[in-house]
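Take a look at the structure set out below.
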Amino acid sequence: MAQAVGRELELKYSRALNLSEVESKQDPESEPYRSKYAARELLKELKAVLGQRAQAGESEDERAQDGEWLQKAAVLELQLGLNHTETEELSAGEEHLAKCVQILETCKLSPEAVSVFMQAENQLGILWAGLEEMEKAQTYLEDAESLYNQYTKEIGTPPFDTHEHFLTEEERLTEQERQKRFEKVYTHTLYYLAQVYKHLDMNEKAAWYCHTTLQRQLQFTNYNPVEWAINAATLSQYYITKQSYMEGRLCLAASSVIFNQVGGPSSESPTEQSEEERDRRDQLQQKKAEIARCWIKYCLNLLQDSRKLLEDDVGELDWDRQEELKIQLRKEEEEKEQGRKSAVLFGSSETFDLIQSVEEKVSCTYPADFTKAREVFLVGQNYVQEAKEFFQLDDHVTDHIEVVQDHSALFKALAFFEEDQERRCKMHKRRIDMLETVYKELNPQYYLLVCRQLQFEIGDTYYEMMELKVSIANRLDELDSHNIKKINHLAQSAITYYNLFLDSLKNSEKKFPEMLEADVLRPALVCKFRIGWLYGKMITSDPKIQLGNLQQSVDCYRFVVDYCERQPQAARVMEPELELCAEMTTLLPARMEKLRAKLVAFS
C-alpha cells in the first residue's frame with residue numbers, strides 16, 4: 001500500500017513539474033498562468049496525501065521522525081512557494097517558503113535537506129529584494145551562503161537534489177550530478193547576493209560576488225553565453241571606475257570570447273527568416289554592440305585617467321611627470337603580471353588562451369606618450385565602428401549620438417598626447433565634423449537635452465581649436481590675413497554654439513531664466529564666460545568693431561558676476577572663473593575708455 005502511494009506521489013509530482021516548467025511556456029496570453037494553476041492543484045493534492053498520515057493515527061512524534069516524508073513535505077512547500085511567487089501572489093509565496101525553512105530547520109545540515117533549505121532561502125531573498133526589503137533579502141542569502149560553507153566543511157557529501165525526493169532509487173542521481181546541482185544552487189546564492197550588495201551600495205562586495213559567480217558559471221559550465229558575456233562586460237565598468245584596468249580588461253576579453261560561443265546569424269537573408277529568427281538576430285547584434293560600447297569606455301577611461309596623471313595646472317602635458325610615469329610603469333609592469341596570477345581568473349584550459357589573446361590586443365597600463373595612447377585609441381575606434389553597425393541614427397538616435405560623443409572624446413583624449421599643435425587642431429576638426437553631422441539631423445523640439453549637450457561640446461571644441469590657433473599665431477613674427485580670418489572664424493563659431501545653448505534655456509517668451517536649474521547652472525555660466533573671452537580675442541583693425549567686441553566681453557563677464565552675487569551656490573561652482581570675471585569687469589572698461597579717446601582724437 002505504501003509503495004502504491006509512493007508511486008502516485010512520484011507521478012503527480014512529475015506531472016506538476018512538467019506543467020510548471022515546460023507546458024507553462026506555451027500558455028496563451030489570455031491565460032498566462034493556466035499551467036501554473038494546474039500544477040498548483042496537483043501540489044496541493046500531494047500535500048493532502050502526506051497530511052492524511054496524521055489522520056490515519058500516526059502521532060506527531062512518529063511523523064517528525066519519519067525523515068523521508070518530512071523531506072517531501074518541505075519540497076512541496078518549496079514548490080508551492082515558487083508557484084505562488086511566479087504567479088505574483090507574493091504573500092502566499094512567502095508563507096510557503098517560510099514553512100519549508102521551518103520544517104527543515106533542525107535537519108538543515110543533512111545531505112537530504114541542505115539543498116532544499118538553501119533554495120528556499122534563495123527564493124526568500126529574491127522575494128524580499130523584489131519588494132525593496134534589501135536588508136531582509138541580505139539576511140536570507142547570507143544565511144544560505146553560511147550554510148553552504150558549513151556543510152562543505154563539516155559534511156562534504158554530495159547532497160540530494162530537490163526533485164530526488166520524488167524519484168525511485170533507480171532514478172536517483174549520481175554523486176557527480178548531485179554535486180553539480182548543489183554547486184549551481186550556491187552559485188545562485190552568490191549571484192543574488194551580488195545584486196543585493198549592489199542595491200545596498202556595497203559596491204566592492206557586489207563586484208567580488210559578481211566576479212566569483214561568473215567564474216563558477218564557467219567552471220561548472222552552467223551559463224547562457226549571451227547573458228554571461230553581458231554580465232562580464234558590465235562588471236568591467238565597475239573595475240574601470242576603480243582604475244583596475246587589468247581586471248576590467250580581463251572581464252571584457254572574457255566577455256568577447258564567451259559571446260563568440262553563440263551561434264552566428266542564419267545564412268538566410270532577413271526577408272527569408274521567420275520573425276523569431278529576425279528577433280534573435282537583432283538581439284545578438286544589439287548585445288554585441290553593447291559589449292563594444294563597454295570596450296569603448298575602457299579605452300576612453302584609460303586615456304582620460306592617464307591624462308589626469310600627466311597634465312599640469314593649465315591642462316597641458318607635464319614633461320617631468322611623463323618621465324616619472326614611464327619609469328614607474330616599467331617598474332610596475334613585472335610586479336603586475338606576477339600579481340595577476342593570484343587574481344580571480346576566468347575560464348578553463350579551453351578558454352584561457354583565447355581570453356589572453358584578446359587581452360594582448362590592448363594595454364592595461366597608462367599610456368605615457370602619443371605612440372602608446374594611439375594604440376589604445378585605435379582599439380577604441382574599432383569598437384566605435386562595431387557599435388555603430390547596430391546603433392544607427394535612424395533607429396537608435398540617443399545611443400548613436402552617445403557612441404559618436406565617445407568617439408569625439410577619444411579624439412580629445414588622444415590630442416592631449418600630440419605635441420604638434422597643427423595636428424591637434426586636425427583632431428579637433430574631426431570631432432567637430434562628426435558632432436555637427438549628427439546635430440544637424442536632430443529636431444530640438446524632441447531632443448532638447450541631447451541638442452544642448454552637442455551645442456556645448458561643439459562650442460567647446462571650436463574654443464579649443466581657437467586657443468590652439470592663437471598659440472600657434474603667437475609664435476609667428478607677423479600675423480597674416482589668413483591666420484586672422486581663421487582665428488576669428490573659430491571664435492565666432494564657438495560663440496554661435498554657446499549662444500544656441502543659452503537660447504535653449506529661454507522660456508516661451510524668449511526670456512532668460514532668473515534662476516538656472518542645477519544641471520545647467522555651470523554650463524550656462526561657463527558659456528557666458530567663454531563668450532566674453534572669445535570676443536576679447538577676436539582680431540580686427542577697425543576700432544569701432546573692437547570697441548563693440550570689448551563691450552560684448554564686459555556684458556558677459558558682468559552677467560556672471562551679477563548672477564553669482566544673487567545666487568551664492570553659483571559662486572561656488574564658478575569659483576575658478578569668477579575671480580577673472582570680476583577682474584575683467586574692472587580692466588576692460590578702462591581699456592575701452594582709452595580706445596574711445598583714440599577714436600575721438602582721430603575723428
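Values for this structure:
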read-out	value
Considering residues of segment 129-160 that are hydroxyl-bearing (Ser, Thr, Tyr) and closer than 24 Å to ARG172 by Cα only, the residue surrounded by the most Cβ atoms within 10 Å (Cβ to Cβ)	TYR151
Among the residues listed as GLU436, GLU467, GLU422, GLU375, the single one being charged (D, E, K, R) and in contact (Cβ under 8 Å) with a residue 40 or more places away in the chain	GLU422
Failed item in (1) closer than 23 Å to VAL314 by Cβ; (2) surrounded by fewer than 21 Cβ atoms within 10 Å (Cβ to Cβ), with LYS510 passing the rest	(1)
Candidates VAL573, VAL600 - the one that is β-branched (Val, Ile, Thr) and either within 23 Å of ASP519 (Cα to Cα) or open to solvent by less than 60 Å² (accessible area, probe 1.4 Å) (or both)	VAL573
Any chance GLU62 is in a helix (DSSP H, G or I), exposed (fewer than 15 other Cβ atoms within 10 Å of the Cβ) and at pLDDT below 90	yes
Helices (runs of 4 or more DSSP H) contained in segment 411-517 and holding at least 1 residues modelled with pLDDT of 95 or more and among the small types (Gly, Ala, Ser)	448-474, 481-503
Members of segment 513-525 that are open to solvent by less than 80 Å² (accessible area, probe 1.4 Å) and in contact with a helix residue (DSSP H, G or I) (Cβ under 7 Å, 6 or more places away or on another chain)	LEU516, LEU521, PRO523, ALA524, LEU525
In segment 493-507, the residues that are surrounded by 14 or more Cβ atoms within 10 Å (Cβ to Cβ), touching a Pro at 6+ places or on another chain (Cβ under 8 Å) and not polar (S, T, N, Q)	PHE501, LEU505
Selected residue (criterion: modelled with the highest pLDDT) from residues of segment 245-269 that are open to solvent by less than 70 Å² (accessible area, probe 1.4 Å) and farther than 28 Å from TYR209 by Cβ	GLY263
Single residue of segment 412-431 satisfying the filter (in contact with a Phe, Trp or Tyr (Cβ under 8 Å, 6 or more places away or on another chain) and crowded, with 20+ Cβ neighbours inside 10 Å) that is nearest to VAL397 (Cα to Cα)	ARG431
When residues of segment 285-316 are limited to those that are open to solvent by 30 Å² or more (accessible area, probe 1.4 Å) and under 13 Å from GLU386 (Cα atoms), the one farthest from the chain's Cα centre (by Cα)	GLN285
Residue in segment 70-90 that is surrounded by fewer than 20 Cβ atoms within 10 Å (Cβ to Cβ), in contact with a Phe, Trp or Tyr (Cβ under 6 Å, 6 or more places away or on another chain) and without any contact (Cβ under 8 Å) to a residue 60 or more places away in the chain present	yes
Condition check for GLU121: surrounded by fewer than 16 Cβ atoms within 10 Å (Cβ to Cβ) and modelled with pLDDT of 95 or more	no
Residue list for segment 105-118, filter: over 21 Å from GLU177 (Cβ atoms) and either open to solvent by less than 30 Å² (accessible area, probe 1.4 Å) or hydrophobic (A, V, I, L, M, F, W, C) (or both)	CYS107, LEU109
Residue list for segment 526-558, restricted to those being in a helix (DSSP H, G or I), open to solvent by less than 60 Å² (accessible area, probe 1.4 Å) and over 15 Å from TYR498 (Cα atoms)	GLY536, PRO543, GLN546, LEU547, GLY548, ASN549, LEU550, VAL554
Verdict on GLN102 being surrounded by 15 or more Cβ atoms within 10 Å (Cβ to Cβ), of a type in the set (S, T, N, Q) and at pLDDT 95 or above	no
Pairs where the first residue, in segment 130-159, is over 21 Å from LEU82 (Cα atoms) and the second is open to solvent by 80 Å² or more (accessible area, probe 1.4 Å), C-beta under 6 Å, 6+ apart	PRO158/GLU175
Among residues of segment 391-404, those that are assigned to a helix (DSSP H, G or I) and either open to solvent by 30 Å² or more (accessible area, probe 1.4 Å) or closer than 11 Å to CYS299 by Cα (or both), counted	3
Unmet criterion (only one of (1) within 23 Å of LEU578 (Cβ to Cβ); (2) surrounded by 17 or more Cβ atoms within 10 Å (Cβ to Cβ); (3) under 37 Å from the mean Cα position of the chain (by Cα)) for LEU490	(1)
Of residues in segment 360-382 being β-branched (Val, Ile, Thr) and under 21 Å from the mean Cα position of the chain (by Cα), the one surrounded by the most Cβ atoms within 10 Å (Cβ to Cβ)	VAL376
Segment 453-482 - residue that is surrounded by 15 or more Cβ atoms within 10 Å (Cβ to Cβ) and of a type in the set (Asp, Glu) and, of those, nearest to the chain's Cα centre (by Cα)	GLU457
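The values are calculated or read from the model by the stated rules, or taken from the named source; none is laboratory data. Only a predicted model underlies this, so the values are computations on that prediction, with no experimental measurement involved. Virtual Cβ from ideal backbone geometry, glycine too; neighbours counted across all protein chains shown. Surface areas here come from the heavy atoms of the whole protein model, side chains and all, with no ligands, DNA or RNA. Shrake-Rupley method; radii C 1.70, N 1.55, O 1.52, S 1.80 Å.
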